[in-house]
Amino acid sequence: MQINKELVWNAMQQIQKQQFTMNELFTSIAEEIEQENGNYPKIFRFNDIIQTAVVVTGITIKQLKSKTRLRAVVYVRQVTIYLIQKYTPLTMLRTGQIFNRDHSTVIASMKRVNDAKNGYNEQLKEMLELIESCLLTEKTL
């Protein structure tokens with residue numbers, strides 16, 4: 001799977017120039033995706049979701065599966081778990097096994113990301129929006 005590097009690069013340039021807020025930028029990207037693809041549900045392979053998160057954030061797969069509790073790694077892990085649950089038919093048990101964790105970690109990750117979507121953690125919300133927008137803009141499944 002290849003990430004649309006041009007999209008990520010342009011997004012980062014716009015943010016650095018402070019021409020858009022993160023929310024405005026991701027809303028614009030989501031609107032473009034919807035216009036191109038309609039509202040069709042997408043199904044992804046869990047490896048593609050993990051790879052997208054790795055490429056976008058620079059966090060390694062080894063770090064994602066490790067026991068580390070560094071905030072940057074934990075946020076990427078939580079978002080990746082959330083996206084796997086959203087876009088694959090995998091059970092919580094299987095998703096947990098992928099990350100060397102049990103299903104309760106998956107439940108906690110789902111709750112934290114949902115809370116972030118409701119404004120309780122802007123940094124986690126921005127991480128979700130960035131990874132998910134890159135995932136959804138891919139032409140290959």
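In region 60-70, is there at least one residue being touching a residue at least 40 places away in the same chain (Cβ under 8 Å), buried (at least 18 other Cβ atoms within 10 Å of the Cβ) and closer than 17 Å to Arg45 by Cβ?
Start the filter on region 60-70 by keeping residues that are touching a residue at least 40 places away in the same chain (Cβ under 8 Å), which leaves none.
No.
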Report the residue count in region 72-86 for those that are open to solvent by 20 Å² or more (accessible area, probe 1.4 Å) and free of Cβ contacts under 8 Å to residues at least 24 places away in the same chain.
-> 3
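The values are calculated or read from the model by the stated rules, or taken from the named source; none is laboratory data. These figures come from a predicted structure and were not determined experimentally. Note: ideal-geometry Cβ built from the backbone for every residue, glycine included; neighbour counts use all protein chains shown. What goes into the accessible areas is simple: the full protein's heavy atoms, side chains included, and nothing from ligands, DNA or RNA. Shrake-Rupley method; radii C 1.70, N 1.55, O 1.52, S 1.80 Å.
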